[in-house]
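Inspection log for the structure reproduced underneath, given as structure tokens.
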Amino acid sequence: MSVHVARGVLELPGCRFGIFLIFAFSPMYKKIYFASDFHLGSPDFTESRLREDRIIRWLDAIAADCGELFLMGDVFDFWFEYRKVVPKGYVRLLGRLAMLSDAGVKIWFFKGNHDMWVENYFTQEMGIQIVSDELIIERGGKRFFLHHGDGLGPGDRKYKVLRKIFRNPVCQWLFSVLPPVIGMGIAGGWSKHSRAASGGEEEFLGEDREWLAVYAREILSKSHFDYFIFGHRHLPLNLDLGGGSRYINTGEWLKHNSYAVFDGNEVALRYWH
Ligand SMILES: [Mn+2]
């Protein structure tokens, strides 16, 4: 039956309209979206649910023209995947991501400093690709350097040590054998002291001192990229790095509701209201 319909469409006199349709719906014209730092779960259930609803409305709005979705880290304020158990909550977000993925949207999930303990659950359930560190891609003839942004650039020595411990397989195994009520309890306490929960305003340090811009310039001295896209900073940024390169920070969704979108030609920083 479907074969007959397809043949019927091709045999229509308005064949050019058919070609238009093929182009109009081809993935070439779909946009690429980048967002990070939803920090779902923080500071409490009620506020997190409101934020989750906002994110859902945004996902619904972009669904029609979204070809790829890059979740650039810290989607969850804490996530730990036990061998057979995952944390409660976030069903709406997970449901929407599953819907998008089933509809053909390629989804990437970057490990953030808050949710680096993802294993294969999202991949198995939703076909989401997990990214551990940086990801270098080329789209529309542009080169992208993508990373959550934690542990890069000068300074932050304490966190860089901590990151090694957090990412150590033995340490992760030790944590995984703790009963979840203890493990999640420790994580909850730590999460309360995190930046997201404190609600402090992030201050722009200037183009020369923003450490991810410093890091990007360092990379640029070795290799050209059109776009560096990071999260983690909790400050939406769109900075000119010179030589046709830009540093975009996707910001966060506690206050800014910011995201980046690539239309096949350039990356723009946008806000969802
Ligand atoms: Mn972060």
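Bear in mind these aren't lab numbers, they're just calculated from the coordinates by the rules spelled out. Only a predicted model underlies this, so the values are computations on that prediction, with no experimental measurement involved. Glycine also receives a Cβ, built like all others from the backbone with ideal geometry; neighbour counts cover every protein chain displayed.
Over the chain, what is the relative contact order in percent, taking alpha-carbon pairs closer than 8 angstrom and at least six residues apart?
On the way: 443 pairs, mean separation 57.3, N = 273.
With pairs under 8 Å counted, the relative contact order is 21 percent.
Tell me whether the range 31-87 comes out rounded, prolate or oblate; compute the Cα gyration tensor, take square roots of the eigenvalues as a ≥ b ≥ c, and use a/c under 1.5 as the rounded threshold.
On the way: a/c = 2.27, a/b = 1.46, b/c = 1.56.
In terms of gyration-tensor shape, oblate.
Taking amide hydrogens as modeled 1.01 Å from N in the peptide plane, which residues meet the under 5 Å criterion relative to residue 143, leaving out close sequence neighbours?
Under 5 Å from the amide H of residue 143 lie the amide H atoms of 226, 227, each far enough along the sequence or on another chain.
Can you give the FRET efficiency for residue 46 and residue 119, using 1/(1 + (r/R0)^6), R0 = 30 Å, r = Cβ-Cβ distance, to the nearest 0.05?
Details: r = 29 Å, r/R0 = 0.96.
Between residue 46 and residue 119 the formula returns 0.55.
With loop defined by DSSP as not H, G, I, E or B, and exposure as at most 10 other Cβ atoms within 10 Å, which is the longest segment of the chain clear of exposed GluC sites (Glu not before Pro)? Let's see the in-between values first.
Working: sites that count: 201, 203.
Result, exposed sites excluded: 1-200.
Short version: ³J(HN,Hα) in whole Hz for each residue of the range 89-106, in order, from phi by Karplus 6.51 cos²θ - 1.76 cosθ + 1.60 (θ = phi - 60°), x for Gly and Pro, what are they?
In residue order, the calculated couplings are x, 6, 5, 5, 4, 4, x, 5, 5, 4, 4, 4, 4, 5, 7, x, 7, 7 Hz.
Tell me the mean residue ellipticity at 222 nm calculated for the chain from its helices only (DSSP H runs of n ≥ 4, each -39500 (n - 2.57), averaged over every residue, nearest 500).
Working: 10 runs with 101 residues, N = 273.
Only helices count here, giving -11000 deg cm²/dmol.
Using a Cα-Cα cut-off of under 16 Å, which aspartates and glutamates could be cross-linked to residue 160, ignoring same-chain neighbours fewer than 8 residues away?
115, 133, 134, 150
Which cross-chain or sequence-distant (5 or more) residues have an amide H under 5 Å from the amide H of residue 128, H modelled 1.01 Å from N in plane?
123
Which semi-axis lengths, in whole Å and largest first, follow from the square roots of five times the eigenvalues of the Cα gyration tensor of the range 52-148? Show your work: numbers first, answer last.
Numbers: eigenvalues 88, 64, 30 Å².
Working through the eigenvalues yields semi-axes of 21, 18, 12 Å.
Select from the range 140-243 those chymotrypsin sites (Phe, Trp or Tyr not before Pro) which occupy a DSSP coil region and have at most 12 other Cβ atoms within 10 Å, ordered by residue number.
Values: sites: 144, 145, 159, 166, 173, 175, 190, 204, 211, 215, 225, 227, 228, 230; in loops: 204, 225.
Sparse-neighbourhood loop chymotrypsin sites (Phe, Trp or Tyr not before Pro): 204.
Any chance you could run the full-extension gain for residue 170 through residue 156? It's 0.36 nm times the residue separation minus the Cα-Cα distance, nm to one decimal.
Details: separation 14, 0.36 × 14 = 5.04 nm, distance 2.36 nm.
The residue 170-residue 156 span can extend by a further 2.7 nm.
Karplus couplings for the range 266-273 from phi (6.51 cos²θ - 1.76 cosθ + 1.60, θ = phi - 60°), rounded to Hz, Gly and Pro as x?
Once θ is set to phi - 60°, the couplings for the range 266-273 become 8, 9, 10, 9, 10, 10, 9, 10 Hz.
Apply the Karplus parameterisation 6.51 cos²θ - 1.76 cosθ + 1.60, with θ equal to phi minus 60°, to every residue of the range 111-118 and state each ³J(HN,Hα) to the nearest whole Hz, in sequence, with x for glycine and proline.
Result, ordered by residue: 5, x, 6, 9, 9, 7, 9, 7 Hz.
Counting only trypsin sites (Lys or Arg not before Pro) that sit in a DSSP loop (anything but H, G, I, E, B) with at most 14 other Cβ atoms within 10 Å, what is the longest stretch of the chain containing none of them? Can you show the working numbers first?
On the way: sites that count: 83, 84, 88, 209, 222, 255.
In the chain, the maximal stretch lacking such sites is 89-208.
Stokes-Einstein at 20 °C, 1.002 mPa s, Kirkwood radius from Cα pairs: D for the chain in µm² s⁻¹? Display every interim value, and only then the final one.
Details: Rh = 20.1 Å.
Translational D for this selection: 107 µm²/s.
Name the long-range amide H neighbours of residue 238: under 5 Å, sequence gap of 5 or more, or other chain; modelled H, no Pro or chain starts.
249
Using a cut-off of 12 Å between beta-carbons, work out the net charge of the residues near residue 78 (Lys and Arg +1, Asp and Glu -1, residue 78 not included).
Values: positive: 88, 192; negative: 74, 77, 81, 115.
That works out to -2.
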